[in-house]
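The structure under discussion appears below in the form of structure tokens.
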Amino acid sequence: MEILDVLPANFGYAILTYLYSFFMLTYLALKVGAARKKYGVKYPTMYSDKEDVFNCIQRAHQNTLEVYPQWLLFQTIAALVYPTVASVLGVIWVTSRFSYAWGYYTGNPVKRMNGSYGYIGLFGVIILSISVALQLLGNLRGSLGNGVQKSNECSAHARYRASAEARALFAADKNTARKMSGFLDGIRCGDCECNVDWGEKRNTIASIAAGVLFFTGWWIIIDAAIMYPREDQFHHAYHTCGVIATIAFLMINAVSNGQVRGDSYSEGCMGQTGARVWLFIGFMLAFGSLIASMWILFGGFVVASKETVYPGIAVFFQNAFIFFGGLVFKFGRTEDLWQ
């Protein structure tokens, strides 16, 4: 029972993600075993000198094993604080390994890029792990800074009281760090001469940062559309991803965290459930547009060997900037400062 009290309530989703990855590794290993029998490659020979298809099947498994330890580490760190978000990113990465392998199994190594959308899941958990590290470092720096200041001004008894207060603040901050929306609150810079109250300016900074990301995304795609106006250079249907990403941006930020928790929204046709469903659909559209933009980049430009891949890169970066802008605007602000 003690381990259940320590882990986050939704950590079960992360465990299911680990089980999903186990089945994925088992599947890839079985495919290699079957390929050894089919192409007559005996153990312990790793690769064949004659059968390129076998080498592709073997390489799909080997590459996954090379990346798996790093993913497992960052996935666990992220899931300890953000279990639900980390689990969604984990499912994306594990699923991408199937797409990666199936592309490799064709015997054409270029088609392994069908699983390139897995970078969303991998880089996502890496970013969340960095967030966890910053929160821990911020809490520690803030506690040490307060302790040093108190030791210079107070007696031994006062220093003892100050350390006790610092420990209490540290414990409280650990609980606060479990909420993604409290990320910026967990970063404390201690006392500095600039005397800037970041807490009161948090919403302003987050809003400006989100606006810059959103503007940059659309500026890139407009630039690409102007430089490559012909249909054969830049298909106009590719703009659909940016439109969907923008709709997702608005949907995600149309409901507050309080409405999702049910603190400030209990009426309407569906109440709290409706707010959660709305937010879920918004995130699915955001992830879908980002994944589609990666498919456009690699499937429509890289694999197709077009003369220029800039339009594909522009589509991807447009959706990436809008996606991260939506996250900053959603989780970078705090409702405590709303008037």
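The values are calculated or read from the model by the stated rules, or taken from the named source; none is laboratory data. Predicted model, so just to flag it, every value in this text is computed and none were measured. Glycine gets a Cβ as well: all are built from the backbone with ideal geometry, and neighbour counts include every protein chain shown. Just the protein is used for accessible areas: all its heavy atoms, side chains included, with ligands, DNA and RNA removed. Shrake-Rupley method; radii C 1.70, N 1.55, O 1.52, S 1.80 Å.
Extending 7 Å from Cα along the Cβ direction at HIS236 and again at LYS306 yields two label points whose distance is 1.5 nm.
Our analysis of the stretch 1-50 gives Rg over Rh at 1.34, with the two radii drawn from alpha carbon positions and Rh computed by the Kirkwood formula.
Mind scanning LYS31/LYS111; LYS111/LYS306; LYS31/LYS306; LYS37/LYS111; LYS50/LYS111; LYS50/LYS306 and naming the pairs with a C-alpha gap bigger than 27 Å? Present the calculation step by step, with values, prior to reporting the outcome.
Numbers: LYS31/LYS111 17 Å; LYS111/LYS306 16 Å; LYS31/LYS306 33 Å; LYS37/LYS111 24 Å; LYS50/LYS111 21 Å; LYS50/LYS306 31 Å.
Table pairs above 27 Å Cα-Cα are LYS31/LYS306; LYS50/LYS306.
Classify the stretch 289-339 from the C-alpha gyration tensor, please: rounded if a/c falls under 1.5, else prolate or oblate depending on whether a/b exceeds b/c. Prolate is the answer for the stretch 289-339, as a/c is 1.5 or above and a/b outweighs b/c. Shown is the FRET efficiency for ASP49 and PHE23, computed with R0 = 41 Å from the Cβ-Cβ distance and rounded to the nearest 0.05: 0.80.
How many percent of Cα pairs in the stretch 1-93 exceed 20 Å? Can you show the working numbers first?
Details: 2068 of 4278 pairs.
That fraction is 48 percent.
I'd like the accessible area for TYR68, computed on protein heavy atoms only with a 1.4 Å probe and all protein chains in place. Round to 10 Å², please. Surface open to solvent at TYR68 totals about 40 Å².
Our estimate of slack between VAL6 and ILE281, defined as 0.36 nm per intervening residue step minus the Cα-Cα distance, is 95.9 nm.
The label-point distance for VAL260 and ILE226, in a model that sets each label 7 Å from Cα toward Cβ, rounds to 3.7 nm.
Any idea what the relative contact order of the stretch 1-143 is, in percent, if you count C-alpha pairs under 8 Å spaced at least 6 apart? Before the final figure, lay out each step's value.
Values: 152 pairs, mean separation 36.6, N = 143.
26 percent.
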